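Below you'll find the structure I mean.
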Amino acid sequence: MTNYHSRITVRIREMERRSIRFFGGLSNRDAEYDFAYRQVIGECVRLLDVGGSESLLPLRLAKRGHSVTVFDFRRYRERHPNLSAICGDFLANTLPGESFDFVLMVSTIEHIGFGSYGAPVHEDGDFAAMSEAKRIIKRSGRIIITVPFASAEHIIPGFERWYDLPRIQRLFDGMHVLAEEYYIPQKRFAGRVVKFVPASLEQITMSDDVVRRYGCQCNACYVISKVPRAYFS
């Protein structure tokens, strides 16, 4: 019953996102999924989605012909010939180095290390996760990452971190940013944000308190790589 409920919950959320979009809105998760989907280029690439257990994005990418592995502390319930799943702690993975073209962490890295969703507590787990992601992507590979973003770092104990620019810069140290997008909340309905709109980095970082200004965190989306330009070997 738990497995059935889990798959139903994912689909209910997907229907909710589509409904918001149908009426002219855009949820933060919808913006993140769109960004990630657009940034996966090439044919039949090997892709690792870290933390994708409640997302249909890995399934969509598998249906495009890519070889997709989902790595999460929770089980991934979807099935497809191009899909495989690993259930465990990403910080303790034994994946071979330089084995993936893409690593996706869509609204994931901010939770790592806080004990979220039953995963182990690990100090600076986000830096450890980034180290692992860099280890397992090919030299020509890319990391696609999205995070909650604000003008000042904010921590919700036991759950997640909202990033600010200094921590992002530390997290990406030694890597090259190939693409970046930012979104700020614009419209609310029934107490929740139903429309995020594109913004500049300056709109977020120049505000003294972006959370107080907009009522919640913003979102940042990045593609980073070991090399300064995109190519496939």
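Checking the conditions here, which among Ser131, Ser84 is in a helix (DSSP H, G or I), without any contact (Cβ under 8 Å) to a residue 60 or more places away in the chain, of a type in the set (Gly, Ala, Ser) and surrounded by fewer than 16 Cβ atoms within 10 Å (Cβ to Cβ)?
On the way: Ser84 fails: in a helix (DSSP H, G or I).
When all the criteria are applied, what remains is Ser131.
When only residues in the stretch 49-81 that are among the charged types (D, E, K, R) and in a loop (DSSP other than H, G, I, E, B) count, which is farthest from His111 (Cα to Cα)?
Of all residues in the stretch 49-81, those among the charged types (D, E, K, R) come to 49, 54, 60, 63-64, 72, 74-75, 77-79.
With in a loop (DSSP other than H, G, I, E, B) added as a condition, the list becomes 54, 64, 74-75, 77-79.
Working: Glu54: 14, Arg64: 28, Arg74: 13, Arg75: 17, Arg77: 21, Glu78: 22, Arg79: 25 Å.
It comes out as Arg64.
Return the pair list, or none, for Cβ contacts closer than 7 Å from residues in the stretch 157-184 that are more than 23 Å from Ser207 (Cα to Cα) to residues that are surrounded by fewer than 18 Cβ atoms within 10 Å (Cβ to Cβ) and modelled with pLDDT under 95, at least 6 apart or on different chains.
Pairs that qualify, where the first residue is more than 23 Å from Ser207 (Cα to Cα) and the partner is surrounded by fewer than 18 Cβ atoms within 10 Å (Cβ to Cβ) and modelled with pLDDT under 95, are Gly158/Gly115; Met175/Lys226; His176/Val227; His176/Pro228; Leu178/Ala230.
Those residues that are more than 14 Å from Ala36 (Cα to Cα), at pLDDT 95 or above and among the aromatic types (Phe, Trp, Tyr), I need them from the stretch 49-106; list them, please.
Phe71, Phe90, Phe100
Looking at Gly113, Gly118, Gly125, which is the one that is touching a residue at least 24 places away in the same chain (Cβ under 8 Å), more than 22 Å from Ala31 (Cα to Cα) and touching a strand residue (DSSP E or B) at 6+ places or on another chain (Cβ under 9 Å)? First the steps, then the outcome.
Details: Gly113 fails: touching a residue at least 24 places away in the same chain (Cβ under 8 Å); Gly118 fails: touching a strand residue (DSSP E or B) at 6+ places or on another chain (Cβ under 9 Å).
Within the list Gly113, Gly118, Gly125, the selection yields Gly125.
Restricting to the stretch 201-233, give me the number of residues that are in a loop (DSSP other than H, G, I, E, B) and either at pLDDT 95 or above or closer than 29 Å to Glu43 by Cβ (or both). Let's see the steps before the verdict.
So in the stretch 201-233, the residues in a loop (DSSP other than H, G, I, E, B) come out as 206-209, 215-217, 226-233.
This time we only want the ones that are either at pLDDT 95 or above or closer than 29 Å to Glu43 by Cβ (or both), so: 226-233.
Selection size over the stretch 201-233: 8.
Of everything in the stretch 42-60 that's out of contact with any His (no Cβ under 9 Å at 6 or more places or on another chain) and in contact (Cβ under 8 Å) with a residue 60 or more places away in the chain, which residue is surrounded by the fewest Cβ atoms within 10 Å (Cβ to Cβ)?
Residues of the stretch 42-60 out of contact with any His (no Cβ under 9 Å at 6 or more places or on another chain): 48-50, 52-57, 60.
Cutting the leftovers down to in contact (Cβ under 8 Å) with a residue 60 or more places away in the chain gives us 48, 50.
Values: Leu48: 28, Val50: 24.
Per the stated criteria, the residue is Val50.
Follow-up. Take Asp173 and tell me if it is out of contact with any Asp or Glu (no Cβ under 7 Å at 6 or more places or on another chain), at pLDDT 95 or above, under 30 Å from Asp208 (Cα atoms) and among the acidic types (Asp, Glu). Spell out how you get there, then give the answer.
Numbers: out of contact with any Asp or Glu (no Cβ under 7 Å at 6 or more places or on another chain): yes; at pLDDT 95 or above: yes; under 30 Å from Asp208 (Cα atoms): yes; among the acidic types (Asp, Glu): yes.
Judged against the criteria, Asp173 is a match.
So Ile155 clears everything in (1) of a type in the set (Val, Ile, Thr); (2) over 17 Å from the mean Cα position of the chain (by Cα); (3) within 20 Å of Met105 (Cα to Cα); (4) not in a strand (DSSP E or B) except one condition, right? Which one?
Among (1) of a type in the set (Val, Ile, Thr); (2) over 17 Å from the mean Cα position of the chain (by Cα); (3) within 20 Å of Met105 (Cα to Cα); (4) not in a strand (DSSP E or B), Ile155 violates only (4).
The values are calculated or read from the model by the stated rules, or taken from the named source; none is laboratory data. Here the structure is a predicted model, which means the values were calculated and not measured. We place every Cβ from the backbone using ideal geometry, glycine too, and count neighbours over all the protein chains shown.
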